[in-house]
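Asks: I have a structure here, written as structure tokens, and I will follow up with some questions on it.
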Amino acid sequence: MNGNLLSTLWPQSQALHKLVAVALGVALLTLASKVQVPFWPVPMTLQVLAVLLIGATAGARLGGATVLAWLALGAVGVPVFATGAGLAYMAGPTGGYLAGFLLAAVAVGYLADRGHGRSVGSALLVLFAGVVIIYALGLGWLANIIGAERAIAAGLMPFIPAEILKLALGTVILTAAWKQARR
């Protein structure tokens, strides 16, 4: 059985359903951006988790549209990001991560559209692929600004423990959602 979670729950989805799903996804991603969880060595936001789950549940098209709408709102100055907004902010040190969010949502959604992410092992691999995409683009962009060594030290290493936790949480959420959808 192929298809993402949303298409399984709403097989005859109308344009209004899709619009509502995008709006809810943008709201979820904005909230996830604003929530800071105390974590060591740096505070953790839930943006990555939200992006991955949006892609995994909505699929490539709708997940990508959701993250693109969120980025567009941020580009015109709506404060949807963790800190800052506008094109200048998006061109700053976090610009690569923001681009990675879009590509990760589409890639994770693509895999979900093909039936991946329903079991624990598959979900973990799909979500991990999304994290790799986010950090590849983020670190590549950041390295152009501050150099590769500093980019890895500041833009990856402090976040590894939090990303492991988010991968575990995302895997639990995704597989539990699929279990409920099958009932």
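Asks: In debye, nearest 20: dipole of region 71-183 around its Cα centre with unit charges on the Cβ of K, R (+) and D, E (-)? Walk me through the intermediate numbers first.
Replies: Numbers: 7 positive and 3 negative charges, 104 e Å.
Roughly 500 debye for region 71-183.
Asks: Follow-up question, since we're still on this one. Roughly what angle does helix 120-146 make with the longest principal axis of the chain, taking Cα atoms, 0 to 90 degrees, to the nearest 10?
Replies: Computed tilt is about 30 degrees.
Asks: Moving on. Run the accessible area of region 38-173 with a 1.4 Å probe and give the carbon-and-sulfur part as a rounded percent. Walk me through the numbers before you get to the answer.
Replies: Working: 4750 of 6110 Å².
The computed percentage sits at 78.
Asks: Compute the acute angle (0 to 90°) between the alpha-carbon long axis of helix 47-75 and the principal axis of greatest extent of the alpha-carbon atoms of the chain; round to the nearest 10°.
Replies: That works out to roughly 50 degrees.
Asks: Over region 2-136, give the accessible area per residue in Å² for a 1.4 Å probe, as an integer.
Replies: Numbers: 6320 Å² over 135 residues.
On a per-residue basis, 47 Å².
Asks: Right, next: Let me have the 222 nm mean residue ellipticity of the chain computed from DSSP H runs of 4+ only, each contributing -39500 (n - 2.57), with the sum over all residues rounded to the nearest 500. Intermediate results must be reported in sequence, preceding the final value.
Replies: Values: 8 runs with 135 residues, N = 183.
Helix-only estimate at 222 nm: -24500 deg cm²/dmol.
Asks: Farthest toward the dipole's positive end in region 12-151, which of Leu125, Ala23, Gly74, given Cβ charges of +1 (Lys, Arg) and -1 (Asp, Glu) about the Cα centre?
Replies: Ala23
Asks: At 0.36 nm per residue, minus the direct Cα-Cα distance, what do Ala85 and Val120 gain on full extension? Give it in nm, one decimal, please.
Replies: Details: separation 35, 0.36 × 35 = 12.60 nm, distance 3.59 nm.
Difference between extended and current length: 9.0 nm.
Asks: Quick check on packing: order 149-158, 20-29, 49-58 by the mean number of other C-beta atoms within 10 Å, highest mean leading. Can you show the working numbers first?
Replies: On the way: 149-158: 14.4, 20-29: 18.4, 49-58: 29.3.
Top of the packing list down: 49-58, 20-29, 149-158.
Asks: Enter the angle in degrees (range 0 to 90, nearest 10) between the Cα long axis of helix 95-113 and the first principal axis of the Cα atoms of the chain, meaning the one along which they spread out most.
Replies: 20 degrees
Asks: Here's a follow-up. Below 8 Å, C-alpha to C-alpha, sequence gap of six or more: please give me the relative contact order for the chain in percent.
Replies: Values: 290 pairs, mean separation 46.4, N = 183.
Contact order relative to length: 25 percent.
Asks: If you keep only loop residues by DSSP, which chymotrypsin sites (Phe, Trp or Tyr not before Pro) in region 1-101 have at most 15 other Cβ atoms within 10 Å of their Cβ? Provide the component values of the computation, followed by the final result.
Replies: Working: sites: Phe39, Trp70, Phe81, Tyr89, Tyr97, Phe101; in loops: Phe39, Phe81.
Those that pass, being in a loop and sparsely packed, are Phe39.
The values are calculated or read from the model by the stated rules, or taken from the named source; none is laboratory data. Bear in mind the structure is a predicted one, so any value in this text is a computation, not a measurement. No Cβ is skipped: glycine too gets one built from the backbone with ideal geometry, and neighbour counts run over all protein chains shown. These accessible areas exclude ligands, DNA and RNA; they are computed on the full protein's heavy atoms, side chains included. Shrake-Rupley method; radii C 1.70, N 1.55, O 1.52, S 1.80 Å.
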